[in-house]
């Protein structure tokens, strides 16, 4: 059994939180293999590949991030974390489905 988790991620270009999670994974600060996706279609392709993913981390404001995508990930056994970046305060808020 592996000590690392496989996490899919999708966010807007230049998203601060996305860059930080990627940096943490690269530096082994968190025990994850972070698979960065460029589109919702790529996320769907990864989920449908048969590989097990521990979690899916999504930018809640992206087009195509909807209940169907969240449901697909959930049905395949992945935890889903939706992140909403609030630009007014510079904070990041987490939304749990």
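The values are calculated or read from the model by the stated rules, or taken from the named source; none is laboratory data. All values reported here derive from a predicted model rather than from experimental measurement. We place every Cβ from the backbone using ideal geometry, glycine too, and count neighbours over all the protein chains shown.
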Requested in this report: Quickly run through region 60-75 and pick out the residues that are surrounded by 13 or more Cβ atoms within 10 Å (Cβ to Cβ) and touching a helix residue (DSSP H, G or I) at 6+ places or on another chain (Cβ under 9 Å).
Outcome: 62, 64, 65, 69, 72, 73
Report task. For region 39-59, state whether one or more residues are in a loop (DSSP other than H, G, I, E, B), touching a helix residue (DSSP H, G or I) at 6+ places or on another chain (Cβ under 6 Å) and at pLDDT below 95. Result -> no
